[in-house]
1. Looking only at the range 57-79, count how many residues are buried (at least 16 other Cβ atoms within 10 Å of the Cβ) and under 15 Å from the mean Cα position of the chain (by Cα).
2. Give just the number: which of (1) in contact (Cβ under 8 Å) with a residue 12 or more places away in the chain; (2) surrounded by fewer than 18 Cβ atoms within 10 Å (Cβ to Cβ); (3) part of a loop (DSSP other than H, G, I, E, B); (4) more than 13 Å from the chain's Cα centre (by Cα) does D105 not satisfy?
3. Evaluate the range 91-99: report whether one residue or more is within 26 Å of P63 (Cα to Cα), charged (D, E, K, R) and surrounded by fewer than 20 Cβ atoms within 10 Å (Cβ to Cβ).
4. Within the range 108-117, how many residues are crowded, with 21+ Cβ neighbours inside 10 Å and free of Cβ contacts under 8 Å to residues at least 60 places away in the same chain?
5. State whether the residues of the range 12-26 include one that is in contact with a Pro (Cβ under 7 Å, 6 or more places away or on another chain) and closer than 23 Å to F155 by Cα.
6. Which of the residues belonging to the range 112-125 are in contact with a helix residue (DSSP H, G or I) (Cβ under 7 Å, 6 or more places away or on another chain) and over 16 Å from G144 (Cβ atoms)?
7. Looking at D64, D31, which one is within 21 Å of V170 (Cα to Cα), free of Cβ contacts under 8 Å to residues at least 40 places away in the same chain and charged (D, E, K, R)?
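Each value in this text was obtained by applying a stated rule to the coordinates, not by laboratory testing. Computed from a prediction, not measured in an experiment: that's the story for all the values here. All Cβ positions, even for glycine, are placed from backbone atoms using ideal geometry, and neighbour counts span all protein chains on display.
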Amino acid sequence: MFGSIELTETERELWRQIKFEISSFGENPDDIKASLEHAYKLSMSLIHRRAIPEVRWRYFVDPDLNIGYKLSRMEIFEKNGTTGDDILRHPHFLKYLRYFVLGPDLPIKTISSFSQAVNDCKPVTSGDVTTLCDLARREVRTQGLERKYAAEEFFKLALELELGLFSRHVRDSVMTLRTK
């Protein structure tokens, strides 16, 4: 599963009212509060109707998918004092909501190329991983993507393409790229 999930009309309206970039909030605290409240309502709707793909939800709640940390992304919110519904109203939750709805944030051409390469290898074996890692690294270079951000997005894409443990190899391979 990758790509956008289907939103109801009410959810689309909430989506349109959310400012996902914290810098776009401006200085009006009411704008910030309203945007976060729309994000909360959208999140609750998606959760209640079980619209978030399982792999995307696991990315948020499974500590094994939070490389470099012993806690899940949700547990980090909780450790920092944000719990329950307040997590869904937190400005830092917006990037997870965006992922839940849109999927990995990579150029469409990159997603298509990588997905096709995975499909061409099915079932993917350890011998195919080098080719997939090379493709991911090449895409980061040719598309001019920021290495660390792209590594995490490729990790998400690989998870969605059911690469399992190989997803980490793809991520780690992109992380080894040298930045200018």
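1. 8
2. In the conditions (1) in contact (Cβ under 8 Å) with a residue 12 or more places away in the chain; (2) surrounded by fewer than 18 Cβ atoms within 10 Å (Cβ to Cβ); (3) part of a loop (DSSP other than H, G, I, E, B); (4) more than 13 Å from the chain's Cα centre (by Cα), D105 misses (4) alone.
3. In the first step, residues of the range 91-99 are kept if they are within 26 Å of P63 (Cα to Cα); the result is 91-99.
Still in the running and charged (D, E, K, R): 95, 98.
In the following step, the residues that additionally are surrounded by fewer than 20 Cβ atoms within 10 Å (Cβ to Cβ) were identified as 95, 98.
Checking the range 91-99: at least one residue is within 26 Å of P63 (Cα to Cα), charged (D, E, K, R) and surrounded by fewer than 20 Cβ atoms within 10 Å (Cβ to Cβ).
4. Restricting attention to the range 108-117, the residues satisfying the condition of being crowded, with 21+ Cβ neighbours inside 10 Å are 110-111, 114.
If we keep only those that are free of Cβ contacts under 8 Å to residues at least 60 places away in the same chain as well, we get 110, 114.
Qualifying residue count for the region: 2.
5. no
6. Applying the first criterion (in contact with a helix residue (DSSP H, G or I) (Cβ under 7 Å, 6 or more places away or on another chain)) to the range 112-125 yields 113-114, 117-118, 121, 124.
F114, A117, V118, C121, V124 - these are the residues of the range 112-125 that are in contact with a helix residue (DSSP H, G or I) (Cβ under 7 Å, 6 or more places away or on another chain) and over 16 Å from G144 (Cβ atoms).
7. Numbers: D31 fails: within 21 Å of V170 (Cα to Cα).
None of the others qualify; the one that does is D64.
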